[in-house]
C-alpha cells in the first residue's frame, strides 16, 4: 500500500470534524475486481475511497454475513457493518445474476451459488449452465442487478442506487476479462459478453454503473446533508464543552 493511500487516525478525525470538502469513505468489499470498478466509476466525485485494508488496524473489519433475501437488504447490511466498524461513511454493493426462467436464480446467492470457495466462479458457472440445459433453456433472458448503499457510522442509510443490465445466458464461455458470470453473459447491444468488452465499454452500461448513476442523482445532496449534520454535531459538542467549562470555573 502506498503511503499516500493510507488513512491514519488523524485523517479520520478530520473527516469526523467535517473540515474537508472531500469526503472519505471505505468501500466495503474484499473483491479486488469490484474495488477497481467502483473506484473508476466514482473517480470524478468528491470522495476519497479506501479499501478496508487501507484503514488503521483498529478500524479494519471482516465482511458482514450476507443474510438478506434481497439485494437491497444485503447492500444495506454490508454498508452498515462497515460504517460502524470503521467510523466513517461506507459504500457497499450487492449484485448478482437473475434468470427469470429459473425463478430468478441464482439471484442473491450468485457469488456462493455452487457452495464452494475454491475456484468459485468456474463452479458457479458450471452449476448455472447445467441447470439451464436441464430445464431445456436456450439462451434464456438474463439480468445483472446491482444495489449500492451508503451508510453513516451511526448505522443509518444515507442513500441507495439501483441498476440493471439485460442480456442472455450463453452456454459457451467467451472472453478472458471480467469475473463471475461475465463470460456467459452476452449483451446483444454490444454483440459481446461482459468478458469480451473493455473496461470502458462495461463501465458505460453495466448494472453497477447504472446503480451508481442512479445513486449520483441524489448523492451530492446527501453528502451535503451529511456534512451539515456533522458540522451541527461538532458545534453542539463545542457548545456543551464551553458551557461545562464555564460551570466548572464558576
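The values are calculated or read from the model by the stated rules, or taken from the named source; none is laboratory data. Fair warning: this is a prediction, and the values are worked out from it, not measured in the lab. Note: ideal-geometry Cβ built from the backbone for every residue, glycine included; neighbour counts use all protein chains shown.
Just give me the residues in segment 68-83 being farther than 17 Å from residue 166 by Cα and in a helix (DSSP H, G or I), in sequence order.
72, 73, 74, 75, 76, 77, 78, 79, 80, 81, 82, 83
For segment 113-132, does any single residue satisfy the condition of being crowded, with 16+ Cβ neighbours inside 10 Å and under 30 Å from residue 23 (Cα atoms)?
Looking through segment 113-132, none of the residues is crowded, with 16+ Cβ neighbours inside 10 Å and under 30 Å from residue 23 (Cα atoms).
I'm told residue 201 meets every condition in (1) assigned to a helix (DSSP H, G or I); (2) modelled with pLDDT of 90 or more; (3) touching a strand residue (DSSP E or B) at 6+ places or on another chain (Cβ under 6 Å) except one. Can you identify the failing condition by its number?
(3)
Return yes or no: is residue 65 at pLDDT 90 or above and either in contact with a helix residue (DSSP H, G or I) (Cβ under 9 Å, 6 or more places away or on another chain) or part of a helix (DSSP H, G or I) (or both)?
It is false that residue 65 is at pLDDT 90 or above and either in contact with a helix residue (DSSP H, G or I) (Cβ under 9 Å, 6 or more places away or on another chain) or part of a helix (DSSP H, G or I) (or both).
Test each condition in (1) surrounded by fewer than 20 Cβ atoms within 10 Å (Cβ to Cβ); (2) outside any helix (DSSP H, G or I); (3) at pLDDT 95 or above for residue 195 and report the one that comes out false.
Answer for residue 195: the failing condition is (1).
Kindly establish whether residue 188 is within 30 Å of residue 85 (Cβ to Cβ), surrounded by fewer than 22 Cβ atoms within 10 Å (Cβ to Cβ) and in contact with a strand residue (DSSP E or B) (Cβ under 9 Å, 6 or more places away or on another chain).
So residue 188 fails the test.
Output the number of residues of segment 41-62 satisfying the condition of being part of a helix (DSSP H, G or I) and crowded, with 16+ Cβ neighbours inside 10 Å.
4
Please verify whether residue 36 is surrounded by 21 or more Cβ atoms within 10 Å (Cβ to Cβ) and either under 20 Å from the mean Cα position of the chain (by Cα) or at pLDDT 85 or above (or both), treating the condition exactly as stated.
For residue 36, the condition - surrounded by 21 or more Cβ atoms within 10 Å (Cβ to Cβ) and either under 20 Å from the mean Cα position of the chain (by Cα) or at pLDDT 85 or above (or both) - is not met.
Select from segment 23-33 the residues that are in a loop (DSSP other than H, G, I, E, B) and surrounded by fewer than 17 Cβ atoms within 10 Å (Cβ to Cβ) and list them in ascending order.
Within segment 23-33, 30, 31 qualify.
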